[in-house]
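Enquirer: I have a structure here, written as structure tokens, and I will follow up with some questions on it.
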Amino acid sequence: MSKRILVIDDEDGIRELIKIVLQASAGWEVLTAASGGEGLIAAEAEQPDAVLLDMRMPDLDGQATLGQLQANGATRRIPTILLTAAENPDPQQPLSDLEVAGVITKPFEAIRLAEQIREILHW
């Protein structure tokens, strides 16, 4: 069975790039959301195998979205991988303190993205 990944990122180009790369290189179904709020709805409704979550988004940022994913019984067990342009987007809370499966730093190598996700999630 094919894996289903939800990409939550406010940048259209990044979402489309990730979708094309993961579909072509891994054969995964890729769902997308343009905001944290949209992502929360999609995660609950679609129950993906994993979430790729951008940390820097307007309105509901990645950390707030992650908190709501983890607080919801329907989504708390979905592994989340952070996409971040900074090694530590919030100096007040180290990434190691967040309950995430892993972190992929932007800019990422598109050709290696599926491999990185497989390594992080042990697929």
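Every number in this text was worked out from the coordinates using simple rules, so none of it is lab data. Keep in mind that this is a model prediction, so the values were computed, not measured. Note: ideal-geometry Cβ built from the backbone for every residue, glycine included; neighbour counts use all protein chains shown.
Enquirer: Restricting attention to segment 10-21, which residues are touching an Asp or Glu at 6+ places or on another chain (Cβ under 8 Å) and surrounded by fewer than 16 Cβ atoms within 10 Å (Cβ to Cβ)?
Expert: Residue satisfying the conditions is E11 alone.
Enquirer: Find all pairs meeting these conditions: Cβ atoms under 8 angstrom apart; at least six residues apart or on different chains; first residue within segment 57-70 and farther than 20 Å from A45 by Cα; second residue among the charged types (D, E, K, R) and not in a helix (DSSP H, G or I).
Expert: So the pair list comes out as M57/D9; M57/D10; P58/D10; Q63/D90.
Enquirer: Out of A43, A34, A50, A24, which single residue is surrounded by fewer than 17 Cβ atoms within 10 Å (Cβ to Cβ) and either under 21 Å from N72 (Cα atoms) or of a type outside the set (A, V, I, L, M) (or both)?
Expert: The conditions single out A34.
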